[in-house]
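Note sheet for the following structure.
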Amino acid sequence: MALAANQTLYVNNLNDKINVETLKKSLREVFAAFGGIIDIIAMKSLKRRGQAWIIFKETSAATNSLKSLQGFPFYNKPMRIMYAKTKSDVVAKADGTYVERPKKIVKREDLRKGKTATAAPAPEERTFQASTPAATRTAAPPVTPSQKNIQDRIGWNPNQTAGPASGSGAQAAAPKQAAPSEPNKTLFVENLPGEATDTMLSMLFRQYPGFQEVRLIAGRGVAFVDYQNEYQAGMAMQGLQGFAMTPEVKLILTYARK
């Protein structure tokens, strides 16, 4: 059963080798592009690593970020995002519905028997494990190939797809590629959505070897991405050509003019 839209997002499949404070800072930089954030919760404990809760000021901001960032490669792992099962304490306190939870008492005998180690997973973890297959089945029909997880997109290049179905896309992009530049180590990225940030682009392009930096041109919807050499730049262009930054916006990549 689908969870109701709310202000809090539950994110998992995060890289658990990243320092928690660095993780929270990077999450804020990426998710803040969609609206104001009240708080980000991430924990160091073994049971909670690789997970985070993003609490937005508005439900609409949570919904937009969920749609746009689902499967987004964050520190080389595609994020899995869903609405939180329960209302966050900070939201409940703000709207007057907060009820203090009874503290769990752990008996000394239970500790000796190791019962706490085999305790049931956290509510969000159970929800995700139980609902993922159903969510995948129900969400599959409207999802386009460009919205699949990053593993499915690697190596996919719509410009190399034969057949009449891809002809219109190739013709639409033809005017911008009429005089292609010589291969070099810098990529020119076009058709960026307004909410794109340096951090988002760095997360996306750094998964390819040789990545050096991203230079986003504010207000223009374009950016330059530098790699160590032209071969590494070509590999990134091959993998991310047509990548959907949002469901409506696909990237156009070419070699930068020198």
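The values are calculated or read from the model by the stated rules, or taken from the named source; none is laboratory data. Note that the structure is a prediction, hence the values are computed from the model and not measured. Methodologically, a virtual Cβ is constructed for each residue, glycine included, from the backbone with ideal geometry; neighbour enumeration extends over all protein chains shown. Remember, those area values only see protein heavy atoms, side chains included, never the ligands or the DNA or RNA. Shrake-Rupley method; radii C 1.70, N 1.55, O 1.52, S 1.80 Å.
Points to keep in mind about this one:
- Qualifying residue in the range 28-50 (condition: part of a helix (DSSP H, G or I) and open to solvent by 60 Å² or more (accessible area, probe 1.4 Å)): yes
- The range 229-253 residues that are without any contact (Cβ under 8 Å) to a residue 40 or more places away in the chain, paired with ones that are open to solvent by less than 40 Å² (accessible area, probe 1.4 Å) (beta carbon under 7 Å, 6 or more apart): MET235/TYR208
- Listing of strands (runs of 3 or more DSSP E) fully contained in the range 172-258 that carry 1 or more residues being modelled with pLDDT under 90: 244-246
- Residues of the range 42-60 that are of a type outside the set (D, E, K, R) and without any contact (Cβ under 8 Å) to a residue 40 or more places away in the chain: ALA42, MET43, SER45, LEU46, GLY50, SER60.
- Residue list for the range 200-239, restricted to those being in contact with a helix residue (DSSP H, G or I) (Cβ under 8 Å, 6 or more places away or on another chain), under 21 Å from PHE31 (Cβ atoms) and open to solvent by less than 30 Å² (accessible area, probe 1.4 Å): MET200, MET203, LEU204, PHE205, VAL214, ALA223
- Selection within the range 37-64 - out of contact with any strand residue (DSSP E or B) (no Cβ under 7 Å at 6 or more places or on another chain) and closer than 18 Å to GLY194 by Cα: SER60, ALA61, THR63, ASN64
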